[in-house]
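Q: Following this message is one structure expressed as C-alpha coordinates.
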Amino acid sequence: MELTPIAHIRSDFSEKFGIPRQSGLVEELSATVVFEPEYRDISALQGLDGFSHLWLIWEFSKVRGWSPTVRPPRLGGNRRMGVFATRSPFRPNPLGLSCVRLREIRRDRALGPVLIVAGADLLDGTPIYDVKPYLPYADCRPDAVGGFAARPKEADLTVECPPALLDRVPADKRSALLAVLAQDPRPQYQDDPERVYGMAFAGLEVKFQVAGDRLAVTEIL
(Lines give C-alpha, C1' and ligand atoms only; values in the text may rest on other atoms or scores of the structure.)
Protein backbone atom coordinates (compact mmCIF):
# COMPACT_ATOMS: atom_id res chain seq x y z
CA MET A 1 0.00 0.00 0.00
CA GLU A 2 1.33 3.42 -0.93
CA LEU A 3 0.42 6.50 1.06
CA THR A 4 0.55 9.92 -0.54
CA PRO A 5 0.33 13.12 1.51
CA ILE A 6 -2.86 15.00 0.75
CA ALA A 7 -1.77 18.09 2.69
CA HIS A 8 0.89 19.64 4.90
CA ILE A 9 0.41 21.68 8.02
CA ARG A 10 1.66 25.17 8.67
CA SER A 11 2.30 25.70 12.36
CA ASP A 12 4.41 27.93 14.60
CA PHE A 13 6.83 25.11 15.48
CA SER A 14 9.90 24.77 13.26
CA GLU A 15 11.52 22.39 15.78
CA LYS A 16 10.14 19.54 17.88
CA PHE A 17 11.12 21.13 21.19
CA GLY A 18 8.13 22.91 22.68
CA ILE A 19 5.37 21.15 20.75
CA PRO A 20 2.59 20.11 23.16
CA ARG A 21 2.77 16.42 23.96
CA GLN A 22 -0.84 15.83 22.89
CA SER A 23 -3.28 17.60 20.63
CA GLY A 24 -5.84 19.86 22.27
CA LEU A 25 -3.70 20.71 25.30
CA VAL A 26 -3.16 24.26 24.05
CA GLU A 27 -6.35 25.41 22.33
CA GLU A 28 -4.81 28.83 21.71
CA LEU A 29 -2.49 27.36 19.08
CA SER A 30 -3.65 27.95 15.52
CA ALA A 31 -2.42 26.05 12.47
CA THR A 32 -3.37 25.72 8.81
CA VAL A 33 -3.91 22.56 6.81
CA VAL A 34 -2.79 23.29 3.24
CA PHE A 35 -3.85 20.72 0.66
CA GLU A 36 -1.65 19.52 -2.17
CA PRO A 37 -2.67 20.96 -5.57
CA GLU A 38 -4.48 17.82 -6.75
CA TYR A 39 -6.67 17.84 -3.63
CA ARG A 40 -7.65 21.53 -3.66
CA ASP A 41 -11.22 20.75 -4.64
CA ILE A 42 -13.76 22.49 -2.43
CA SER A 43 -16.27 19.75 -3.14
CA ALA A 44 -14.07 17.34 -1.12
CA LEU A 45 -14.86 19.48 1.94
CA GLN A 46 -18.61 19.64 1.41
CA GLY A 47 -20.33 19.09 4.76
CA LEU A 48 -17.16 19.41 6.81
CA ASP A 49 -18.26 22.77 8.23
CA GLY A 50 -20.92 20.93 10.22
CA PHE A 51 -18.28 19.32 12.45
CA SER A 52 -16.50 21.03 15.33
CA HIS A 53 -13.49 18.69 15.48
CA LEU A 54 -11.38 16.67 13.06
CA TRP A 55 -8.96 13.78 13.13
CA LEU A 56 -5.67 14.36 11.32
CA ILE A 57 -3.64 11.31 10.32
CA TRP A 58 -0.06 12.31 9.71
CA GLU A 59 3.57 11.22 9.58
CA PHE A 60 6.33 11.58 12.16
CA SER A 61 8.48 12.82 9.29
CA LYS A 62 11.59 13.55 11.38
CA VAL A 63 11.74 10.13 13.04
CA ARG A 64 13.41 6.99 11.71
CA GLY A 65 13.38 3.54 13.23
CA TRP A 66 11.33 2.05 16.02
CA SER A 67 11.79 0.51 19.44
CA PRO A 68 9.65 -2.12 21.19
CA THR A 69 9.89 -0.13 24.42
CA VAL A 70 10.06 3.63 24.97
CA ARG A 71 10.29 6.10 27.85
CA PRO A 72 7.00 8.05 28.03
CA PRO A 73 7.37 11.71 29.13
CA ARG A 74 4.32 11.22 31.36
CA LEU A 75 6.37 8.83 33.49
CA GLY A 76 9.27 11.25 33.74
CA GLY A 77 11.30 9.52 31.04
CA ASN A 78 12.58 7.07 33.64
CA ARG A 79 10.34 4.03 33.04
CA ARG A 80 9.97 1.94 29.92
CA MET A 81 6.63 0.91 28.46
CA GLY A 82 5.70 -1.02 25.34
CA VAL A 83 5.55 1.25 22.31
CA PHE A 84 1.97 0.17 21.58
CA ALA A 85 0.94 1.40 25.04
CA THR A 86 2.17 4.89 24.14
CA ARG A 87 1.91 7.54 21.45
CA SER A 88 5.66 7.63 20.96
CA PRO A 89 6.88 8.55 17.45
CA PHE A 90 9.30 5.59 17.42
CA ARG A 91 6.82 3.18 15.83
CA PRO A 92 7.04 0.51 13.11
CA ASN A 93 4.95 2.82 10.92
CA PRO A 94 5.55 6.45 11.96
CA LEU A 95 1.90 7.55 11.88
CA GLY A 96 0.42 10.14 14.22
CA LEU A 97 -3.20 10.85 15.10
CA SER A 98 -4.40 14.23 16.35
CA CYS A 99 -7.82 15.57 17.25
CA VAL A 100 -8.09 19.29 16.47
CA ARG A 101 -10.83 21.87 16.55
CA LEU A 102 -12.01 23.15 13.17
CA ARG A 103 -12.10 26.93 13.39
CA GLU A 104 -12.70 27.80 9.78
CA ILE A 105 -12.68 26.59 6.19
CA ARG A 106 -11.06 29.43 4.31
CA ARG A 107 -10.68 30.00 0.59
CA ASP A 108 -7.21 31.25 -0.23
CA ARG A 109 -6.52 32.67 -3.68
CA ALA A 110 -3.16 30.94 -3.99
CA LEU A 111 -3.74 27.79 -1.93
CA GLY A 112 -7.39 27.01 -2.55
CA PRO A 113 -9.49 25.81 0.39
CA VAL A 114 -7.51 25.53 3.63
CA LEU A 115 -8.49 24.40 7.13
CA ILE A 116 -7.77 26.64 10.10
CA VAL A 117 -7.51 24.40 13.16
CA ALA A 118 -6.84 24.85 16.87
CA GLY A 119 -4.87 22.70 19.29
CA ALA A 120 -2.61 20.99 16.75
CA ASP A 121 0.56 19.28 18.02
CA LEU A 122 2.34 19.08 14.67
CA LEU A 123 5.69 20.32 13.44
CA ASP A 124 5.56 22.87 10.64
CA GLY A 125 5.56 21.08 7.28
CA THR A 126 4.28 17.76 8.64
CA PRO A 127 2.71 15.65 5.87
CA ILE A 128 -0.95 14.79 6.42
CA TYR A 129 -2.39 11.61 4.94
CA ASP A 130 -6.05 11.97 5.79
CA VAL A 131 -8.66 14.21 7.40
CA LYS A 132 -11.70 12.65 9.05
CA PRO A 133 -14.57 14.17 11.05
CA TYR A 134 -14.67 13.54 14.79
CA LEU A 135 -17.93 11.80 15.70
CA PRO A 136 -18.89 12.32 19.36
CA TYR A 137 -21.15 9.24 19.53
CA ALA A 138 -18.42 6.96 18.17
CA ASP A 139 -15.17 8.64 19.21
CA CYS A 140 -16.03 9.66 22.77
CA ARG A 141 -16.07 6.88 25.35
CA PRO A 142 -16.74 8.36 28.83
CA ASP A 143 -16.14 4.98 30.49
CA ALA A 144 -12.77 4.38 28.80
CA VAL A 145 -9.74 3.63 30.98
CA GLY A 146 -6.62 5.69 30.24
CA GLY A 147 -3.91 3.58 31.86
CA PHE A 148 -0.88 5.53 33.08
CA ALA A 149 -2.04 8.58 31.07
CA ALA A 150 -5.58 8.67 32.44
CA ARG A 151 -5.60 12.41 33.08
CA PRO A 152 -4.15 15.24 30.98
CA LYS A 153 -1.05 16.97 32.20
CA GLU A 154 -2.07 20.24 33.78
CA ALA A 155 -0.42 23.52 32.85
CA ASP A 156 1.59 23.64 36.07
CA LEU A 157 4.09 26.47 35.58
CA THR A 158 3.62 30.15 36.32
CA VAL A 159 5.06 32.02 33.36
CA GLU A 160 6.78 35.36 33.92
CA CYS A 161 7.53 37.32 30.77
CA PRO A 162 8.53 41.00 30.88
CA PRO A 163 6.12 43.12 28.79
CA ALA A 164 9.01 44.47 26.71
CA LEU A 165 9.84 40.91 25.61
CA LEU A 166 6.25 39.86 25.06
CA ASP A 167 5.78 42.87 22.80
CA ARG A 168 8.21 41.22 20.36
CA VAL A 169 5.68 38.44 19.77
CA PRO A 170 2.83 39.09 17.30
CA ALA A 171 -0.26 40.03 19.29
CA ASP A 172 -2.32 37.12 17.96
CA LYS A 173 0.30 34.58 19.11
CA ARG A 174 1.07 35.79 22.63
CA SER A 175 -1.58 33.79 24.47
CA ALA A 176 -0.56 30.63 22.61
CA LEU A 177 3.11 31.11 23.50
CA LEU A 178 2.34 31.64 27.19
CA ALA A 179 0.09 28.58 27.23
CA VAL A 180 2.78 26.43 25.61
CA LEU A 181 5.35 27.58 28.16
CA ALA A 182 2.96 26.90 31.05
CA GLN A 183 2.80 23.26 29.92
CA ASP A 184 6.56 22.98 30.63
CA PRO A 185 8.22 22.10 27.31
CA ARG A 186 11.36 20.70 28.97
CA PRO A 187 12.12 16.96 28.91
CA GLN A 188 10.60 15.58 32.11
CA TYR A 189 13.94 14.32 33.38
CA GLN A 190 15.61 17.76 33.26
CA ASP A 191 15.39 20.00 36.31
CA ASP A 192 18.33 22.39 36.31
CA PRO A 193 17.28 25.88 37.45
CA GLU A 194 20.48 27.38 35.98
CA ARG A 195 19.98 26.00 32.50
CA VAL A 196 18.72 28.34 29.78
CA TYR A 197 16.41 26.62 27.31
CA GLY A 198 15.68 27.84 23.80
CA MET A 199 12.44 27.21 21.91
CA ALA A 200 11.63 28.19 18.33
CA PHE A 201 8.14 29.62 18.03
CA ALA A 202 6.50 31.66 15.26
CA GLY A 203 9.86 32.56 13.76
CA LEU A 204 11.27 33.69 17.09
CA GLU A 205 13.75 32.19 19.54
CA VAL A 206 12.30 32.14 23.05
CA LYS A 207 14.77 31.60 25.89
CA PHE A 208 13.72 30.73 29.42
CA GLN A 209 14.72 29.22 32.76
CA VAL A 210 12.65 27.14 35.15
CA ALA A 211 12.98 27.07 38.93
CA GLY A 212 10.37 25.14 40.84
CA ASP A 213 6.96 26.03 39.43
CA ARG A 214 8.15 29.33 37.94
CA LEU A 215 9.22 29.78 34.33
CA ALA A 216 10.98 33.04 33.55
CA VAL A 217 11.39 34.19 29.96
CA THR A 218 14.85 35.71 29.65
CA GLU A 219 15.00 36.67 25.98
CA ILE A 220 12.96 36.67 22.80
CA LEU A 221 14.91 37.13 19.59
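Q: Solvent-accessible area of R174, probe 1.4 Å, all protein chains present, reported in Å² to the nearest ten, please.
A: Only protein atoms counted, so the area is about 70 Å².
Q: Just to confirm my numbers, what's the Cα centroid distance between region 48-125 and region 179-214 in Å?
A: Centre-to-centre distance over Cα atoms comes out at 22 Å.
Q: Right, another one. Classify the chain: rounded, prolate or oblate, from the alpha-carbon gyration tensor (a ≥ b ≥ c, eigenvalue square roots; a/c under 1.5 rounded; otherwise prolate if a/b is larger than b/c)?
A: Oblate.
Q: Using θ = phi - 60° and the Karplus curve 6.51 cos²θ - 1.76 cosθ + 1.60, what whole-Hz ³J(HN,Hα) does each residue of region 121-127 get, with Gly and Pro shown as x?
A: 10, 10, 5, 4, x, 4, x
Q: Still on this structure, please answer the following. What aspartates and glutamates does K207 reach when the alpha-carbon gap must be under 18 Å and sequence neighbours fewer than 8 apart in one chain are set aside?
A: Counting by Cα, and skipping residues close in sequence, K207 has these aspartates and glutamates nearby: D12, E15, E160, D167, D184, D191, D192, E194, E219.
Q: Moving on. Suppose each label sits 7 Å from its Cα in the direction of the beta carbon; what would the N78-S175 distance come out to in nanometres?
A: 3.7
Q: For a protection proxy built on the mean count of beta-carbon atoms within 10 angstrom, sort 59-65, 93-99, 133-139 highest first, please.
A: Averaged packing, sorted descending, gives the order 93-99, 59-65, 133-139.
Q: Tell me the carbon and sulfur percent of the accessible area for the chain, rounded to whole percent, probe radius 1.4 Å.
A: Accessible surface attributable to carbon and sulfur in the chain totals 51 percent.
Q: Could you tell me what fraction of 2.2 N^0.38 Å the Cα radius of gyration of region 116-207 comes to, as a two-decimal ratio?
A: Dividing the Cα radius of gyration by 2.2 N^0.38 Å gives 1.39.
Q: Let me have the relative contact order for region 68-116, percent, based on Cα pairs under 8 Å that are six or more residues apart. Could the numbers behind the result be given before it?
A: Working: 45 pairs, mean separation 10.4, N = 49.
After rounding, I find 21 percent.
The values are calculated or read from the model by the stated rules, or taken from the named source; none is laboratory data. Bear in mind the structure is a predicted one, so any value in this text is a computation, not a measurement. Using ideal geometry, Cβ is built from the backbone for each residue, glycine included, and neighbour counts are taken over all protein chains shown. For the accessible areas, the whole protein counts, side chains as well, though only heavy atoms, and no ligand, DNA or RNA atoms are used. Shrake-Rupley method; radii C 1.70, N 1.55, O 1.52, S 1.80 Å.
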